[in-house]
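Asks: Quick one: this structure, given as structure tokens, is what I'll be asking you about.
The values are calculated or read from the model by the stated rules, or taken from the named source; none is laboratory data. This is a predicted model, so every value here is computed, not measured. Cβ placement follows ideal geometry from the backbone for every residue including glycine, while neighbour counts extend to all protein chains displayed.
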Amino acid sequence: MPHLLANSQRKVNLLLHGGNMGAKLKAGIIGATGMVGQRFITLLDNHPDFEVTALAASSKSAGKKYSDAVSGRWAMKTTIPSYAKDMTIMDAADINAVAAKVDFVFCAVDMPKDETLKLEEAYAKTETPVVSNNSAARMIDDVPMILPEVNNAHIAVIEAQKKRLGTKKGFIAVKPNCSIQSYVPALSPLSEFGVKEIAVCTYQAISGAGKTFDTWPEMTDNLIPFIKGEEEKSEKEPLKVWGKIENGKIVNAKSPAITAQCIRVPASDGHMAAVFVKFEKKPSIDQILYIWKNFKGRPQELKLHSAPEQFITYFEEDNRPQTKLDRDLYNGMGISAGRLREDSVYDYKFICLSHNTLRGAAGGAVLIAELLKAEGFITTK
């Protein structure tokens with residue numbers, strides 16, 4: 001697994017990138033009217049590091065007040081934050097105008113992959129860093145796909161990406177797919193035992209499809225045994241997260257072997273994973289539980305605003321974790337686990353849970369931005 005950035009490297013980054021590290025950064029939200037965009041709106045209300053200065057969406061919403069644009073489709077449980085209600089939505093395609101108002105942007109658009117990548121690179125080339133919730137750039141080898149507690153060292157590849165893009169400050173950083181955020185955090189700190197094979201079945205909430213039960217009533221009392229693209233992402237993306245940087249590129253790990261099935265279930269929020277794992281050197285249950293309890297990453301070390309105090313929480317009860325009870329652990333940024341036991345085919349099996357629109361989407365992206373600010377990669381323009 002990647003090592004943490006050394007403090008000396010962080011000092012170099014701060015000197016190279018400059019900027020006032022103590023000032024609030026001006027943030028834009030591209031795709032502000034969608035479900036993930038709405039989540040960004042709520043998470044950034046009174047954020048200590050970021051101030052939202054631009055909201056952008058498609059040309060259909062451009063020119064409207066935000067409250068009017070999302071009227072009848074605001075999906076969050078809380079009301080629209082007061083700062084956003086009367087903001088005028090900009091056209092996301094008017095890149096220079098949006099970029100002029102911000103230090104960096106969050107991006108969560110619903111567009112074809114090639115168009116999304118073109119849009120994100122265009123923003124980066126205006127010297128505007130892009131923290132993306134989209135999948136378009138995830139497998140590009142100089143784009144870090146960051147799970148902050150696990151592979152924060154991958155942000156070092158940004159320097160190579162900027163050379164490719166011809167930028168000084170602009171780059172793209174992405175978060176992994178929501179499906180892997182339940183099990184990759186639990187397996188990552190066990191790397192010393194040689195994770196050899198993984199079989200996982202994910203049970204994914206409807207908000208992962210941008211839906212609620214009001215907009216998708218067919219999901220009531222129903223399961224759908226297929227989610228387009230999720231199984232491929234669930235099998236491939238962990239290998240990039242567990243990869244290493246060589247010659248300015250992230251080289252994917254060659255192991256473990258991973259097989260996945262992804263099922264849509266009638267839960268509003270929360271992705272659960274049933275995990276089976278085989279090791280090169282089988283640890284004891286006590287060793288695994290000790291490692292989970294004591295594991296901390298760079299966000300905990302830096303005490304970042306969105307970082308959960310306890311990254312992995314293990315429940316002793318046989319019926320935990322549960323989506324309704326445990327998805328909001330540490331404001332939806334904690335990972336919960338349970339039912340760790342030996343298996344008759346694999347070494348162990350267990351259950352993990354994460355909040356898919358918080359840790360798995362907007363919250364994870366905000367934590368990445370906090371990390372990039374702390375390490376000197378995002379600064380005032």
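Asks: Looking only at region 265-294, which residues are over 30 Å from residue 213 (Cβ atoms) and either under 19 Å from the mean Cα position of the chain (by Cα) or of a type in the set (S, T, N, Q) (or both)?
Replies: 284, 287, 294
Asks: Right, another one. Can you name every residue in region 173-223 that is without any contact (Cβ under 8 Å) to a residue 60 or more places away in the chain and closer than 20 Å to residue 138 by Cα?
Replies: 174, 184, 209
Asks: Give the number of residues within region 259-278 that are touching a Ser or Thr at 6+ places or on another chain (Cβ under 9 Å), outside any loop (DSSP other than H, G, I, E, B) and crowded, with 20+ Cβ neighbours inside 10 Å.
Replies: Adding up the residues that qualify gives 6.
Asks: Here are 253, 273: which of them is among the small types (Gly, Ala, Ser), touching a residue at least 24 places away in the same chain (Cβ under 8 Å) and in contact with a Phe, Trp or Tyr (Cβ under 6 Å, 6 or more places away or on another chain)?
Replies: Exactly one residue qualifies, and that residue is 273.
Asks: On to the next question. Would you point out the residue of region 161-177, among those that are assigned to a loop (DSSP other than H, G, I, E, B) and within 24 Å of residue 360 (Cβ to Cβ), that is farthest from the chain's Cα centre (by Cα)?
Replies: Residue satisfying both the conditions and the ranking: 171.
To keep it simple, each residue is scored yes or no on (1) modelled with pLDDT under 95; (2) of a type in the set (S, T, N, Q); (3) farther than 22 Å from residue 210 by Cα; (4) in contact with a strand residue (DSSP E or B) (Cβ under 6 Å, 6 or more places away or on another chain).
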{"position": "71", "(1), (2), (3), (4)": "no, yes, no, no"}
{"position": "78", "(1), (2), (3), (4)": "no, yes, no, no"}
{"position": "81", "(1), (2), (3), (4)": "no, no, no, no"}
{"position": "87", "(1), (2), (3), (4)": "no, no, yes, yes"}
{"position": "91", "(1), (2), (3), (4)": "no, no, no, no"}
{"position": "95", "(1), (2), (3), (4)": "no, no, yes, no"}
{"position": "106", "(1), (2), (3), (4)": "no, no, no, yes"}
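Asks: Take region 161-192 and flag every residue that is buried (at least 18 other Cβ atoms within 10 Å of the Cβ) and hydrophobic (A, V, I, L, M, F, W, C).
Replies: 171, 172, 173, 174, 178, 180, 184, 186, 187, 190
Asks: Here's something else I'd like to know. Within region 285-292, can one find any residue that is modelled with pLDDT of 95 or more and in a loop (DSSP other than H, G, I, E, B)?
Replies: Within region 285-292 (the criterion being modelled with pLDDT of 95 or more and in a loop (DSSP other than H, G, I, E, B)), the answer is no, since none of the residues qualifies.
Asks: Here's something else I'd like to know. Enumerate the helices (runs of 4 or more DSSP H) found wholly within region 53-136, keeping only those where 3 or more residues are buried (at least 16 other Cβ atoms within 10 Å of the Cβ) and not assigned by TED's automatic domain parsing to the domain that holds residue 332. Steps first, please.
Replies: On the way: elements: 66-69, 82-85, 95-99, 113-124.
Output list reads 95-99, 113-124.
Asks: Select from region 161-186 the residues that are polar (S, T, N, Q), more than 22 Å from residue 373 (Cβ to Cβ) and touching a helix residue (DSSP H, G or I) at 6+ places or on another chain (Cβ under 6 Å) and list them in ascending order.
Replies: Once the filter is applied, which keeps residues that are polar (S, T, N, Q), more than 22 Å from residue 373 (Cβ to Cβ) and touching a helix residue (DSSP H, G or I) at 6+ places or on another chain (Cβ under 6 Å), region 161-186 yields 177, 179.
Asks: Please pick out the residue among 180, 158 that is closer than 18 Å to residue 360 by Cβ, part of a helix (DSSP H, G or I), among the β-branched types (Val, Ile, Thr) and within 18 Å of the chain's Cα centre (by Cα).
Replies: Exactly one residue qualifies, and that residue is 180.
Asks: Output the residues belonging to region 239-250 that are under 30 Å from residue 206 (Cβ atoms), outside any loop (DSSP other than H, G, I, E, B) and touching a residue at least 60 places away in the same chain (Cβ under 8 Å).
Replies: Selection gives 240, 241.
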